[in-house]
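The values are calculated or read from the model by the stated rules, or taken from the named source; none is laboratory data. What you are looking at is a predicted structure, and each value in this text was computed from that prediction instead of being measured. Counting neighbours? That spans all protein chains shown, and the Cβs are built from the backbone with ideal geometry, glycine included. Each accessible area value is taken on the protein alone, full model and side chains, heavy atoms only, with ligands, DNA and RNA left out. Shrake-Rupley method; radii C 1.70, N 1.55, O 1.52, S 1.80 Å.
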Amino acid sequence: MILDPQKIELESMRIIQDTIGEYSCPPENLPVVKRVIHATADFDFLKTLYFSEGAVMKAREALIKHTPIITDTLMLTSGITKKYGLKIVCHVSDDDVISEAKSRNITRAIVNIERSVNDYPDAIYAIGNAPTALIRLCELIKEGKALPALVIGVPVGFVNVIESKNMLASLTDVPRIIAHGNKGGTTVACAIINAITYSVSVSKSQGMNTLPLK
């Protein structure tokens with residue numbers, strides 16, 4: 001029985017690597033795929049996780065420039081590593097957001113996205129729970145009001161989920177990572193962000209001078 005936390009993670013990653021074998025993808029994508037599988041124990045993501053060309057590298061460049069990360073839930077905000085001074089924004093529980101959503105009869109996630117786009121149109125957007133947030137973000141991108149450094153579109157569920165992901169998939173000029181189908185969730189979005197952040201920190205440790213400042 002393995003009790004040491006680091007050894008548990010290393011053994012988990014070894015099992016994942018042995019299971020996926022010679023999985024073909026750009027090398028920068030593989031740690032993200034493995035981290036998602038590690039977080040979910042679901043190998044379906046080998047088939048459903050989609051990366052637009054250069055998405056991970058563009059996200060890394062954005063993090064180096066201290067680009068904010070916008071999340072759709074406080075749970076996701078809590079799960080993102082805080083080691084590297086990342087700016088993480090989520091207005092979903094702000095009193096004025098709650099009030100506006102109620103008066104307009106829309107989700108708080110939509111208002112959160114609208115306010116975030118107004119303040120940070122070129123941020124990294126991570127959506128793991130609210131397909132309405134992803135739909136609204138896609139609309140704002142089409143309107144030219146947002147040009148995200150990366151969109152992580154992995155909401156989970158049944159209502160509006162596949163439709164929202166298809167909308168994101170159609171935006172070919174936007175760097176994007178999508179979990180196609182009904183699966184996804186906050187855990188998946190968190191795993192993606194942390195894997196990218198960790199890859200930046202590893203580059204720094206190897207002398208490539210790419211770690212975000214703190």
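Structure notes:
- For VAL89, distant residues with modelled amide H under 5 Å away: ILE69, ILE70, THR71
- Every pair of different Cα atoms in the range 117-184 enters the Kirkwood calculation, which places the hydrodynamic radius at 11.5 Å.
- Counting heavy atoms of the protein chains alone, VAL89 has an accessible area of about 20 Å² for a 1.4 Å probe.
- Across the chain, Cα pairs under 8 Å and at least six residues apart give a relative contact order of 24 percent.
- Amide proton proximity set for ILE152, modelled H, under 5 Å, gap of 5+: TYR125, ALA126, ILE127, ILE177
- Normalised per residue, the accessible area of the range 1-73 is 59 Å², obtained with a 1.4 Å probe and no contribution from ligands, DNA or RNA.
- Calculated from backbone phi, Karplus (6.51, -1.76, 1.60) coupling profile of the range 54-63 in Hz, x at Gly/Pro: x, 4, 5, 5, 5, 5, 4, 4, 5, 5
- Note on the range 1-144: with neighbouring protein chains present and a 1.4 Å probe, carbon and sulfur make up 53 percent of its accessible heavy-atom surface.
- Net +/- balance of residues flanking GLY144 in space, Cβ distance below 14 Å, scoring K and R +1, D and E -1: -2
- When the surface is traced with a 1.4 Å probe over the full set of protein chains, ILE88 keeps roughly 40 Å² accessible.
- Top positive-direction residue, dipole computed over the chain with Cβ charges, set LEU46, PRO148, ALA62: ALA62
- Whole-Å semi-axes of the ellipsoid equivalent to the range 58-164 (Cα gyration tensor, √5λ, descending): 21, 15, 14
- Per-residue HN-Hα couplings for the range 171-181 [Karplus 6.51, -1.76, 1.60; θ = phi - 60°; Hz; x = Gly/Pro]: 8, 5, 8, 10, x, 8, 10, 10, 9, 5, x
- Interatomic Cα distance distribution for the range 1-76, bins of 10 angstrom, percent: 15, 38, 35, 11, 0
- Reciprocal mean inverse distance between Cα atoms of the range 69-113 - Kirkwood radius, Å: 11.1 Å
- 10 Å-binned pair-distance histogram of the range 10-122 (Cα, whole percent): 12, 31, 32, 19, 5, 0
- Shown here: the chain, whose C-alpha atoms stretch 54, 38, 35 Å along the first, second and third principal axes, sorted largest to smallest.
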